[in-house]
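Everything on this sheet refers to the single structure shown next.
The values are calculated or read from the model by the stated rules, or taken from the named source; none is laboratory data. All of these numbers come straight from a predicted model, not from anything done at the bench. Methodologically, a virtual Cβ is constructed for each residue, glycine included, from the backbone with ideal geometry; neighbour enumeration extends over all protein chains shown. Only protein heavy atoms, including side chains, enter the accessible area calculation; ligands, DNA and RNA are left aside. Shrake-Rupley method; radii C 1.70, N 1.55, O 1.52, S 1.80 Å.
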Amino acid sequence: MEGKITFLGTGTSQGVPMIACSCRSCCSADPRDKRLRTSALVEFGGKKIVIDAGPDFRQQILRVRAWDTDAVILTHNHKDHTGGLDDVRSFNYFQRRAFPIYSEPYVQESLKGEYPYVFAELRYPGAPEFELHTIGPEKSFSIGSAEIIPVRAWHYKLPVLGFRFGRLGYLTDANRIEESELEKFKGIDIFVISTIRRAEHISHFSLEQALEVARRTGAKRTFLTHISHQLEPYAELCEALPEGVEPAYDGLVIDF
């Protein structure tokens with residue numbers, strides 16, 4: 001089954017440029033160095049599925065005009081991945097339904113605290129409507145005919161989910177993955193993995209660590225996401241990376 005991924009955002013929780021920073025990456029004139037918070041639109045099995053909906057969700061959806069988005073799936077509960085979910089109100093109105101959101105149980109509990117008005121017994125008129133679906137690393141799940149395989153990884157001590165869509169693997173906000181879970185990515189053509197800098201980090205793969213995970217999947221092409229201003233500007237980073245590895249950028253579209 002063929003598909004397509006559009007990178008809606010490829011930056012860290014503070015984006016690039018970061019407020020008040022005057023480093024080379026933040027001051028770069030290259031539009032590929034302008035990074036919204038990490039998110040992606042995957043078109044697979046006849047469905048349009050957004051991975052994560054951070055604070056830039058509205059702007060990202062407007063950019064690609066994805067009015068017919070079918071669902072959001074969440075990797076974890078951090079604000080830069082969930083902070084835009086209030087804007088599913090527009091989908092509620094035009095699609096005339098509660099909007100499907102797929103996540104682990106602990107993420108659902110977090111959403112109830114982040115958006116209490118969505119779950120209130122007496123809901124405010126016009127409040128968003130979420131249709132929560134529970135997923136986990138134990139088994140695959142389907143959105144229509146799109147079968148998705150969740151993959152467990154760790155963001156320091158926080159469990160996160162990566163996803164496999166056919167020949168595409170996607171893993172963000174992680175610094176550890178067990179070999180048994182990495183096996184789920186074996187045989188992919190395209191691998192998307194996060195890295196924020198060259199030096200080691202308590203909760204994110206360093207560049208070297210991300211490249212090693214990518215190598216172990218056997219993917220033909222790897223795209224880096226969740227990139228911070230601590231990495232060099234796009235053009236320089238491209239030159240420094242090994243063959244088959246590229247930094248993703250906002251708006252990049254890849255078929256798989």
Seminar exercise, completed: Of (1) open to solvent by less than 20 Å² (accessible area, probe 1.4 Å); (2) aliphatic (A, V, I, L, M); (3) free of Cβ contacts under 8 Å to residues at least 40 places away in the same chain; (4) more than 22 Å from S228 (Cβ to Cβ), A53 fails just (4)
For this session: Check whether at least one residue in the range 192-204 is touching a strand residue (DSSP E or B) at 6+ places or on another chain (Cβ under 8 Å), at pLDDT 95 or above, outside any loop (DSSP other than H, G, I, E, B) and open to solvent by 10 Å² or more (accessible area, probe 1.4 Å), and report yes or no.
Result: no
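May I ask you to list the residues in the range 86-102 that are on the phi < 0 side of the Ramachandran plot and out of contact with any strand residue (DSSP E or B) (no Cβ under 7 Å at 6 or more places or on another chain)?
D86, D87, R89, S90, Y93, F94, Q95, R97
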For this session: Filter the range 28-50 down to residues that are over 16 Å from the mean Cα position of the chain (by Cα) and surrounded by fewer than 21 Cβ atoms within 10 Å (Cβ to Cβ), then give me how many there are.
Result: 9
Problem set entry | Selection from the range 210-229 of residues that are open to solvent by less than 60 Å² (accessible area, probe 1.4 Å) and outside any strand (DSSP E or B) | A210, L211, V213, A214, T217, G218, A219, H226, S228, H229
Exercise. Is it the case that the range 113-130 has a residue that's touching a helix residue (DSSP H, G or I) at 6+ places or on another chain (Cβ under 9 Å), touching a residue at least 40 places away in the same chain (Cβ under 8 Å) and open to solvent by less than 70 Å² (accessible area, probe 1.4 Å)?
Worked result: yes
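Residues are listed down the side, and each one gets a yes or a no for (1) under 15 Å from V42 (Cβ atoms); (2) not in a helix (DSSP H, G or I):
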| residue | (1), (2) |
| --- | --- |
| Y102 | yes, yes |
| Y106 | no, no |
| L111 | no, no |
| L122 | no, yes |
| G126 | no, yes |
| K139 | no, yes |
| R152 | no, yes |
| L161 | yes, yes |
| R164 | yes, yes |
